[in-house]
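Here's the structure we're looking at; comments come further down.
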Amino acid sequence: MKRITVLLAEDHQIVREGFRSLLKHERDIEVVGEAETGRQAVQLTRKLQPEVVVMDIAMPLLNGLEATRQIRKAVPDTKVLILSAHSDDAYVEQVAELGAVGFLLKQTSSQNLATAIREVQKGNTIFSPSISKRLNDRDRKSVDCKGNLNKKNNRLSSREMEVLQLIAEGKPNKQVAAELGVSFKTVDKHRQHLMAKLNIHDVAGLTRYAIAQGIIESSVQLTIT
């Protein structure tokens, strides 16, 4: 029997171990790797080419939403299934836009998780009922009176999203540069572009924006200078 290959992307080791333990009883599913940061999830997906990535949203260094965007671009055949404790509207909207094929709440049963993995591997979409309702509401609101799809402006690039998350997590420019492997000057330029695009003029404002957009959790302990 060909087994569905799965990568688990979750920053809490005990949760990853729980998922792995649950899935090892499924004869047609094989966990081939684990990632504890969003950046590691992207790297391992490129390396292992799993059929499904089970992705948490609240991931350090690179949040699960941005990691999903990068995975969809780098390995388009891999399906991303979001599994999160949070279902705020900001998360729901971004998940739909980024092309994740499923969104389950962490309260779901192990059987539902296994079923979801099988469904998304087949090319189907699967969302928790409350998420599905919100997505339907979002789709209705995104169409204007003439039937045209409304588009959002000021879209951030993938690198700008990375810089925004690291800044919002309280990391100084020097550390951001080290994390991304770029120069201090490049980080400062991205920071200026972010503020100009978003019409935000301080780090505290960027942090509030990141929380509102679901890029980081409000519970993250931040050091704002």
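Subtracting the Cα-Cα distance of Lys106 and His25 from their residue separation scaled by 0.36 nm leaves 27.3 nm. The phi torsions of region 22-35, fed into the Karplus equation with coefficients 6.51, -1.76 and 1.60 and a -60° offset, translate into couplings of 5, 7, 5, 7, 8, 5, 9, 10, 10, 7, 9, x, 9, 10 Hz, rounded to whole numbers, with Gly and Pro shown as x.
For Arg208 and Gln13, the difference between the fully extended length at 0.36 nm per residue and the C-alpha to C-alpha distance is 67.4 nm.
Exceeding 29 Å between C-alpha atoms, which entries from my cross-link table qualify? They are Lys2/Lys47; Lys47/Lys197; Lys106/Lys197; Lys106/Lys185; Lys73/Lys185.
Numbers: Lys2/Lys47 20 Å; Lys47/Lys197 34 Å; Lys106/Lys197 34 Å; Lys106/Lys185 40 Å; Lys73/Lys185 27 Å.
Over 29 Å apart, Cα to Cα: Lys47/Lys197; Lys106/Lys197; Lys106/Lys185.
Under the combined filter of DSSP loop state and at most 14 neighbouring Cβ atoms within 10 Å, region 1-89 retains these trypsin sites (Lys or Arg not before Pro): Lys2, Arg3, Lys24, Arg27. For the residue pair Gln49 and Val32, what label-to-label distance in nm results when each label sits 7 Å from Cα along the Cα-to-beta-carbon direction? Result: 0.8 nm between the two label points. Between Lys79 and Val52, Val53, the built amide H atoms are under 5 Å apart, and every one of these is 5 or more places off in sequence or on another chain.
Starting from the Cα-Cα distance between Ser158 and Thr115, subtract it from 0.36 nm times their residue separation and give me the gain in nm to one decimal.
Details: separation 43, 0.36 × 43 = 15.48 nm, distance 3.13 nm.
Result for the pair: 12.4 nm of gain on full extension.
When nucleic acids and ligands are ignored and a 1.4 Å probe is applied, Met195 ends up with an accessible area of around 40 Å².
How do Phe184, Phe103 rank by accessible surface area computed with a 1.4 Å probe, from largest to smallest?
Values: Phe184 115, Phe103 0 Å².
Sorted descending by solvent-accessible area, the residues read Phe184, Phe103.
The values are calculated or read from the model by the stated rules, or taken from the named source; none is laboratory data. Because the structure is a prediction, the values reported are computed rather than measured. Cβ: placed from backbone, ideal geometry, glycine included. Neighbour counts: every protein chain shown. Keep in mind that these areas ignore ligands, DNA and RNA; they rest on the heavy atoms of the full protein, side chains included. Shrake-Rupley method; radii C 1.70, N 1.55, O 1.52, S 1.80 Å.
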